[in-house]
Amino acid sequence: MAKREIVWDLSEMFPSTTDPSVQKAIDDLTRLAENFAERYQGKIKRLSPKEILECIKSFEEYFAKLEQIRAFACLSFRANMTRPDTQLLDDKVNKTKARLDKTLAFFNIEVANLVHENPGIISEQILQSYRHFLERLGRESLHYLSEVEEKLMIEKDQFGIYAWEELQRKWLNTRTFEIEVEGKKKVFSFSEAAGLLSNPDRPTRESATKSIYVLLGKNGEIFASAIRNICNDWLGVCERRKYGSPMEASLIANDIDQQIINNLLTTVSNHTNLYHRYLRLKAKILKLPKLGGHDVWAPIPDAPQTKFDYDTAKSLVIEAYERFDEDYAFAVKDMFAKNHIDATPRLGKRNGAFSWDWYEGKSAFILTNFTEDLNDVYTLAHELGHATHTYYYSRNQTILNCGTDWTQPMIVAETASTFGELLLTDLLLNQSKSELERKAILCVTLDGGNVIYTSTIRALCEQSLYDTIKRGEYLDYKTICGLWVVARDKIGDDAIEYFDEAEAAWIPAPHYYMPNFRFYNYPYVYARLFVYALYQKYLEEGKEFVPRFKKALSAGCSISPVEIGKIVGLDVTDAHFWELGLKQYEHFVDELEKIA
Ligand SMILES: [Zn+2]
């Protein structure tokens, strides 16, 4: 029997991409935006608190409608990118959004300026549910420039700083890499070559690693130029916008303070022994005296070749969530029941996986490319965690407090998703029938947990780029490689043996090249360790933890990440806090050590 295709049903939003109701919704939205602008532009500073509330509410009404049309267009397109109807709609909605964003750009700026000039507004009783939203805008407003300067920045960035990211992406996507796969030479694109880094065959991994890094290294000065210009540009931006440090913009976006991040990165740097223990265990499992840089992503040998069909994966994830709490699985079950998941890979479908909020429906849609591997079951558990988070906050918050688009800090966004992975690990370990199976589950879990260390390397390296410039030194290729190796060895020490060419490992990941978006890496470390700490709390408190966790997820971004921690009894401001999260990582290493 042919496998049934798992396709999502978007018809709750609109009947089809070509239905007249879609164009009508776009027209209505445009009118809503124009009316809003007519009513409020240039007038926000003179509004009473009650009028401010009305203004925010009507912005939210518009915003929820925009998000629904955007969800429908983007999702239709990403599931079938080669279809003319989805291309057309996606393009139309993107252009509409760009136009309306410009029409309504005054909203954030005027509200922020209002808070800046009249900070007392934040404490107005009538605006209580938007208190934190206003606080955040106030914090941002300190770094706004004049309207003309802001416009100039946007115009000059478009063909200036954005070009470096394009150059890096274009370069990677137009190169080919010659690699020996199981003894046979073949030519691969960059993404295919990168995929071979987790090939079970060691010589294949070695050939892929060398092929990638040799070619990157040969062109190293090009990437050094990009990084040098991006970092110098950013230091200029920071001076103009009066940021105290290159990291500050990222701290504001993540709604967090420098000291907490310093504590986080210091704690990880001081506890690399746990990482080394895992790396040595992995070497032992791979029957190697020492792990090579090209073995880090290797699958464990002789792992049971278990395949999980979609229905099995579905019942595993539901069971994992139900074991935590019957009611906590309601979103997961609803997502399956309503066909909000597009799981089957097909030509023209976007790769990877994501969960997309649908605020108007108080639900979400998940795109994934399910191929029946253990990793795919984890991806499903992860994305359904995002959906669960959405179900909680969209039922308890208005849209601006949900954290759609720019408002949700990355450090909070991954809470329920990572937690869902841990629930799955717990279930799978409980059901495992052999040591080999346990080994495979623990290695997949720890490979995921390694982001604590690998992203710390990237954060430390990024910091050192700015320090180097400030010391008056020049960032050429070899200098950046040197900084990378120092950061890498500070965390990995001698637990991994790298090829010399791997000094170019800072080049391929896109994060360093993203314009005006610095320090993109520590949020991964924060998110993972915060959830590990949550899990420790759950193990300690059992069922008592459940209602507090639901309350934390329900908060969306109506309160700060520090306040969210407090709901579940965690104090992220405590210098020793992050050690609690590392205990969970250590627990997995201990479990693996027993059977490795
Ligand atoms: Zn995620």
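Going by the structure shown, is residue 105 at pLDDT below 90 and of a type in the set (A, V, I, L, M, F, W, C)?
On the way: at pLDDT below 90: yes; of a type in the set (A, V, I, L, M, F, W, C): yes.
Considered against the rule, which asks whether it is at pLDDT below 90 and of a type in the set (A, V, I, L, M, F, W, C), residue 105 comes out as yes.
When you scan the stretch 144-166, how many residues do you find that are within 25 Å of the chain's Cα centre (by Cα) and either surrounded by 14 or more Cβ atoms within 10 Å (Cβ to Cβ) or within 13 Å of residue 109 (Cα to Cα) (or both)?
Here is the first cut: in the stretch 144-166, the ones within 25 Å of the chain's Cα centre (by Cα) are 154, 157-158, 161-166.
Going one step further and asking which of them are either surrounded by 14 or more Cβ atoms within 10 Å (Cβ to Cβ) or within 13 Å of residue 109 (Cα to Cα) (or both), we end up with 157, 161-165.
Total meeting the criteria: 6.
Can residue 24 be described as in contact (Cβ under 8 Å) with a residue 40 or more places away in the chain and open to solvent by 60 Å² or more (accessible area, probe 1.4 Å)?
On the way: in contact (Cβ under 8 Å) with a residue 40 or more places away in the chain: no; open to solvent by 60 Å² or more (accessible area, probe 1.4 Å): yes.
No, not satisfied.
I'm trying to understand the selection: among the residues of the stretch 339-392, which are of a type in the set (Ser, Thr, Tyr), within 15 Å of the ligand (Cβ to nearest atom) and closer than 30 Å to residue 62 by Cβ? Steps first, please.
Initial filter on the stretch 339-392 (of a type in the set (Ser, Thr, Tyr)): 344, 355, 359, 363, 368, 371, 378-379, 388, 390-392.
Okay, now just the ones that are also within 15 Å of the ligand (Cβ to nearest atom), so 355, 368, 378-379, 388, 390.
Correct list: 355, 388, 390.
Please work out which one of (1) modelled with pLDDT under 95; (2) surrounded by fewer than 18 Cβ atoms within 10 Å (Cβ to Cβ) is the condition residue 34 fails and give its number.
(1)
Would you confirm whether any residue within the stretch 211-223 is among the charged types (D, E, K, R) and touching an Asp or Glu at 6+ places or on another chain (Cβ under 6 Å)? Walk me through how you get there before you give the answer.
Step one: list which residues in the stretch 211-223 are among the charged types (D, E, K, R), which gives 218, 221.
Remaining after also requiring touching an Asp or Glu at 6+ places or on another chain (Cβ under 6 Å): none.
No, that holds for no residue.
May I ask you to verify whether residue 136 is in contact with a Cys (Cβ under 9 Å, 6 or more places away or on another chain), at negative phi and of a type in the set (Lys, Arg)? Can you show your working first?
Details: in contact with a Cys (Cβ under 9 Å, 6 or more places away or on another chain): yes; at negative phi: yes; of a type in the set (Lys, Arg): yes.
Taking the combined requirement at face value, the residue satisfies it.
Look at the stretch 1-28 and say how many of its residues are part of a loop (DSSP other than H, G, I, E, B) and of a type in the set (Val, Ile, Thr). Spell out how you get there, then give the answer.
Of all residues in the stretch 1-28, those part of a loop (DSSP other than H, G, I, E, B) come to 1-19.
Then keep just the ones that are of a type in the set (Val, Ile, Thr); that gives 6-7, 17-18.
Summing the residues that are part of a loop (DSSP other than H, G, I, E, B) and of a type in the set (Val, Ile, Thr) in the stretch 1-28 gives 4.
Test residue 214 against the stated conditions and say whether it is closer than 30 Å to residue 299 by Cα, open to solvent by less than 70 Å² (accessible area, probe 1.4 Å) and not small (Gly, Ala, Ser). Can you show your working first?
Numbers: closer than 30 Å to residue 299 by Cα: yes; open to solvent by less than 70 Å² (accessible area, probe 1.4 Å): yes; not small (Gly, Ala, Ser): yes.
For residue 214, the condition - closer than 30 Å to residue 299 by Cα, open to solvent by less than 70 Å² (accessible area, probe 1.4 Å) and not small (Gly, Ala, Ser) - is met.
Of the residues 311, 302, only one is out of contact with any strand residue (DSSP E or B) (no Cβ under 7 Å at 6 or more places or on another chain) and part of a loop (DSSP other than H, G, I, E, B); which?
Values: 311 fails: part of a loop (DSSP other than H, G, I, E, B).
The conditions single out 302.
Given the stretch 496-596, what helices (runs of 4 or more DSSP H) lie entirely inside it while holding 3 or more residues that are farther than 27 Å from residue 278 by Cα, open to solvent by 10 Å² or more (accessible area, probe 1.4 Å) and of a type outside the set (Ser, Thr, Tyr)? Let's see the steps before the verdict.
Working: elements: 522-541, 545-554, 561-567, 577-595.
In the stretch 496-596, the matching helices (runs of 4 or more DSSP H) lie at 545-554, 561-567.
Can you confirm whether residue 459 is among the small types (Gly, Ala, Ser), under 22 Å from residue 561 (Cβ atoms) and more than 16 Å from the ligand (Cβ to nearest atom)?
Details: among the small types (Gly, Ala, Ser): yes; under 22 Å from residue 561 (Cβ atoms): yes; more than 16 Å from the ligand (Cβ to nearest atom): yes.
Yes.
The values are calculated or read from the model by the stated rules, or taken from the named source; none is laboratory data. Predicted model, so just to flag it, every value in this text is computed and none were measured. In this analysis, Cβ positions are derived from the backbone assuming ideal geometry, glycine residues included, and neighbour counts consider all displayed protein chains. Note: accessible area is taken over every heavy atom of the protein model, side chains too, but ligands, DNA and RNA are not part of it. Shrake-Rupley method; radii C 1.70, N 1.55, O 1.52, S 1.80 Å.
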